[in-house]
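Just dropping this structure here.
Every number in this text was worked out from the coordinates using simple rules, so none of it is lab data. Given the structure is predicted, the values throughout are model-derived calculations rather than measurements. Backbone-built Cβ (ideal geometry, glycine too); neighbour counts: all protein chains shown.
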């Protein structure tokens, strides 16, 4: 049975979004979590990497580098953050 990579990618995204601002995931931790979740469907490490690549290429998740590599939601920086806050008021 083939695994739907878009569903795996969505599950990865949900995992990261649930802990946004509290915790960051290492790429390997996300891969292991998806391998464990979809082990009955015969998912491979290559499939998990492809799902993560979908998220990175679409810019729904980004790699960050600070004392190691992490995968997290893209941040809003400087002037863009001020504009968002002003629009909320």
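By how many degrees, 0 to 90 and rounded to 10, does the Cα axis of helix 27-37 deviate from the longest principal axis of the chain?
On a 0 to 90 degree scale, this one is about 50.
Arrange the following residues from fewest to most other Cβ atoms within 10 Å of their Cβ: 4, 11, 47.
Final ranking by Cβ density, sparse to dense: 4, 11, 47.
What's the angle, to the nearest 10 degrees (0 to 90), between helix 5-18's Cα axis and the longest principal axis of the chain?
For 5-18 against the chain, the angle is about 50 degrees.
Given a Förster distance of 25 angstrom, what is the FRET efficiency for residue 29 paired with residue 87, based on the Cβ-Cβ distance and rounded to 0.05?
On the way: r = 35 Å, r/R0 = 1.39.
Computed FRET efficiency for residue 29 and residue 87 comes out at 0.10.
Determine, from the Cβ-Cβ distance of residue 5 and residue 64 and an R0 of 30 Å, the FRET efficiency 1/(1 + (r/R0)^6), rounded to the nearest 0.05. Each step should come with its number before you reach the end.
Values: r = 23 Å, r/R0 = 0.77.
Approximately 0.85, to the nearest 0.05.
Going by the alpha-carbon gyration tensor, a ≥ b ≥ c the square roots of its eigenvalues, is region 18-62 rounded (a/c under 1.5) or, if a/c is not under 1.5, prolate (a/b greater than b/c) versus oblate? Kindly include the intermediate steps, with their values, before the conclusion.
Numbers: a/c = 2.52, a/b = 1.40, b/c = 1.80.
It is oblate, given that a/c is not under 1.5 and a/b is not larger than b/c.
Restricting to Cα pairs below 8 Å that are 6+ residues apart, what does the relative contact order work out to for the chain? Please round to a whole percent.
On the way: 77 pairs, mean separation 30.3, N = 89.
Dividing the mean separation by the residue count of the chain yields 34 percent.
Next question. For the chain, find the longest principal axis of its Cα atoms and tell me its angle to the long axis of helix 45-57, 0 to 90°, nearest 10.
Result, in degrees: 20.
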